[in-house]
1. Would you mind ranking Met1, Met67 so that the residue whose beta carbon has the fewest other beta carbons within 10 Å leads the list?
2. Taking the inverse of the average 1/r across all pairs of different Cα atoms in the stretch 2-89, what Kirkwood radius in Å do you get?
Amino acid sequence: MYESTIEAFGEKIYNSIYYDKILQQMIKQFKYYILLSNNNNYIWHGLYGNLYKKMMIEHKLFIISIMNYVLTKKDFEGEEHLLEMFRRLFTIEIIK
């Protein structure tokens with residue numbers, strides 16, 4: 001039921017005049033979770049690191065699968081440090 005609800009919600013977004021604004025907000029939130037997932041404070045990281053990683057992954061999947069958008073390096077212009085942080089978390093390249 002969760003997946004069908006998300007897909008229906010995504011369909012409404014995709015056909016909406018607000019698609020671009022929502023996409024930009026989703027990308028902004030994705031970047032924020034990259035920052036939070038790379039926090040070097042051990043206590044903070046231990047308590048919330050996995051939650052932020054999960055939220056980051058969920059946002060990425062929503063952007064790709066539901067919004068039919070592929071993140072590129074262009075989306076990170078001026079914020080290349082976020083790509084490096086992302087690479088520290090994952091060993092595979094998932095941003096083109």
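What follows is calculated from the coordinates using simple rules that are stated; it is not laboratory data. Quick caveat: nothing in here was measured; it's all calculated off a predicted structure. Note that each Cβ is placed from the backbone with ideal geometry, even for glycine, and that neighbours are counted across all protein chains shown.
1. Met1, Met67
2. 13.9
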